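The values are calculated or read from the model by the stated rules, or taken from the named source; none is laboratory data. Note that the structure is predicted; figures quoted are calculated from it, not measured. Positions of Cβ are backbone-derived with ideal geometry, glycine not excepted, and every protein chain shown enters the neighbour counts. Side chains included, ligands, DNA and RNA excluded: accessible areas come from the protein's heavy atoms. Shrake-Rupley method; radii C 1.70, N 1.55, O 1.52, S 1.80 Å.
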2 protein chains.
Amino acid sequence: MTQAGNAQAGPRARQRQARIAQILAGAERVFAEAGFEGASMSELAAAAGLPKANLHYYFGTKEALYTTLLDSILALWLSATDSIRPEAEPAEALTAYIRAKMRWSRERPQASRVFANEVLHGAPYLRSHLAGPLRALVQEKSAVLEGWIAAGRMAPVDPPHLFFSIWAMTQTYADFGAQIGAVLDLPEPDADCFARGTDTILQLVLRGCGLEPPGR
Amino acid sequence: MTQAGNAQAGPRARQRQARIAQILAGAERVFAEAGFEGASMSELAAAAGLPKANLHYYFGTKEALYTTLLDSILALWLSATDSIRPEAEPAEALTAYIRAKMRWSRERPQASRVFANEVLHGAPYLRSHLAGPLRALVQEKSAVLEGWIAAGRMAPVDPPHLFFSIWAMTQTYADFGAQIGAVLDLPEPDADCFARGTDTILQLVLRGCGLEPPGR
DNA sequence: GAAATTATTGACCATTTGGTCAGCTTTCTT
DNA sequence: AAGAAAGCTGACCAAATGGTCAATAATTTC
């Protein structure tokens with residue numbers, strides 16, 4: 001047990017992880033509401049329920065805290081395309097992908113907003129990740145769609161732009177929830193709103209790609 | 001000419017308007033890049049090419065400058081739905097609307113980003129406008145779509161959600177240009193990117209609504 | 001052309017910001 | 001039990017921020 005301590009870890013390391021998670025959870029809320037510049041270390045500390053100096057003990061700088069959070073969010077962001085594989089049925093795969101993206105908007109709206117804010121301001125910290133892993137992922141999945149198109153299994157589309165549209169439509173329910181809520185006279189998008197939104201997006205994408213909703 | 005001074009106005013008033021426009025133009029750039037909190041009065045002043053105290057002379061506070069800019073942007077935002085009228089051909093009307101929205105993303109990406117940033121952070125200054133004029137506009141245009149649907153001129157859709165999707169897809173080319181650029185290996189979305197994006201969105205929306213591209 | 005109005009700006013201010021640090025407590029190791 | 005290591009935090013700091021203001025310059029107005 002000298003240096004491993006990975007399995008169930010010592011109580012010390014466990015405590016440490018819990019504290020870090022606690023700080024990141026608070027930071028997600030605060031950064032989502034205020035953006036990077038708008039969030040102050042005092043607010044971040046208050047949100048974590050810890051003294052300010054304690055955040056500096058764990059993360060050093062505000063920027064380090066922010067990039068750590070961003071990295072964890074991007075990892076989540078990237079992990080939703082599993083359903084898109086060559087052997088899959090196009091309609092089913094796209095449906096699963098869209099539903100997964102909508103679930104993410106519903107369950108993690110603050111994470112979505114932190115990501116959106118970063119990209120909106122030019123992605124200074126995320127640019128390299130976007131041009132690296134994300135670009136690779138898009139190329140890989142675009143090839144799958146190209147295959148389906150070539151096989152006549154769906155109508156021709158420009159795969160990357162189809163992804164841009166799907167991202168935009170699904171994330172808008174988290175990122176622009178204030179606008180949607182205002183228009184629909186809700187404090188924020190509710191379950192019914194998400195259900196209708198999902199149906200609308202599915203209709204646009206499936207019909208747009210010449211597909212029928214998957215029978216189950 | 002005692003109190004009117006509206007036609008061509010005195011040189012004094014004209015100068016005043018020019019200065020205000022100059023400040024707002026700079027502010028659009030700075031607020032788009034940094035958000036409200038991230039933009040400092042010194043940056044805003046530098047972008048306008050004027051001393052800081054001069055901005056305070058014209059606008060009083062940073063907040064007043066920001067809300068003035070936001071109001072002017074919202075006015076632009078609201079003025080693009082003209083094509084959607086009961087007598088119009090659905091395919092033509094939607095095509096014109098989408099093209100207008102894409103043109104706005106192309107030509108005024110910074111204005112779009114200022115708006116997006118405001119909504120992303122809960123629309124504190126814009127909420128009342130969104131729940132007022134915007135909601136009214138959506139209800140009016142939704143009624144037009146309902147009419148088309150009832151008349152069998154297009155497939156059933158949930159009109160407000162169709163608008164949410166169209167806004168999301170078109171604005172993403174301005175607001176998330178950094179992401180799109182990173183994926184496509186461009187510094188920022190270019191003409192070709194916008195052309196392909198427009199085609200993709202038109203395909204999704206028109207086919208999604210059971211319409212054919214308008215022959216012209 | 002003198003008085004009044006409007007426009008301009010450098011110097012200044014109180015407050016808040018991200019960050020540091022010395023000293024304290026707790027937990028682990030032997 | 002004693003020493004070492006890790007965790008914690010109140011008090012503090014230099015820098016930056018939004019905003020003020022008195023002095024000055026430019027235009028109008030009469």
Next item on the list: Answer yes if at least one residue in the stretch B:124-139 is surrounded by 21 or more Cβ atoms within 10 Å (Cβ to Cβ), in contact (Cβ under 8 Å) with a residue 40 or more places away in the chain, not in a helix (DSSP H, G or I) and not assigned by TED's automatic domain parsing to the domain that holds residue B:37, and no otherwise.
Entry: yes
Note to self: Test of understanding: among A:168, A:151, which residue is facing chain B (nearest Cβ under 7 Å) and out of contact with any His (no Cβ under 6 Å at 6 or more places or on another chain)?
What the structure shows: A:168
Checklist line | Test result for residue A:183, within 20 Å of residue B:115 (Cβ to Cβ) and either more than 9 Å from chain B (Cβ to nearest Cβ) or modelled with pLDDT of 95 or more (or both) | finding: yes
Checklist line | Which numbered condition residue A:45 fails, given (1) under 27 Å from residue B:123 (Cα atoms); (2) more than 10 Å from DNA strand D (Cβ to nearest atom) | finding: (2)
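Quickly run through the stretch B:184-216 and pick out the residues that are in a helix (DSSP H, G or I) and open to solvent by 10 Å² or more (accessible area, probe 1.4 Å).
B:184, B:191, B:192, B:194, B:195, B:196, B:198, B:199, B:202, B:203, B:207
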Next item on the list: Could you grab me the full set of residues in the stretch A:92-123 that are of a type in the set (D, E, K, R), under 23 Å from residue A:37 (Cα atoms) and surrounded by 20 or more Cβ atoms within 10 Å (Cβ to Cβ)?
Entry: A:113, A:118
Margin query: Suppose we keep only residues that are near DNA strand C (Cβ under 10 Å from one of its atoms) and within 20 Å of residue A:174 (Cα to Cα) within the stretch A:31-55. Which one would you say is nearest to the other protein chains (Cβ to nearest Cβ)?
Written below: A:38
Note to self: Here's a check for you: in the stretch B:12-30, which residue that is more than 9 Å from DNA strand C (Cβ to nearest atom), in contact with a helix residue (DSSP H, G or I) (Cβ under 9 Å, 6 or more places away or on another chain) and among the charged types (D, E, K, R) is least open to solvent (accessible area, probe 1.4 Å)?
What the structure shows: B:28
Next item on the list: Only residues in the stretch A:49-65 that are within 13 Å of residue A:24 (Cβ to Cβ) count as the first member; pair them with residues that are assigned to a helix (DSSP H, G or I) and among the charged types (D, E, K, R), Cβ under 9 angstrom, at least 6 apart or cross-chain, and list the lot.
Entry: A:50/A:19; A:55/A:62; A:58/A:16; A:58/A:19
Check: Among the residues of the stretch A:19-69, which ones are within 15 Å of residue A:111 (Cβ to Cβ) and not hydrophobic (A, V, I, L, M, F, W, C)?
Finding: A:26, A:28, A:29, A:33, A:35, A:66, A:67, A:68
Item checked: In the stretch A:56-102, the residues that are within 16 Å of DNA strand D (Cβ to nearest atom) and within 14 Å of chain B (Cβ to nearest Cβ) -> A:62, A:63
Check: Quick one: which of A:111, A:131 is farther than 30 Å from residue A:215 by Cα and away from chain B (no Cβ under 12 Å)?
Finding: A:111
Notebook entry, point to check: Pick from A:66, A:58: which is under 21 Å from the mean Cα position of the chain (by Cα) and either more than 9 Å from DNA strand C (Cβ to nearest atom) or not in a loop (DSSP other than H, G, I, E, B) (or both)?
Noted result: A:66
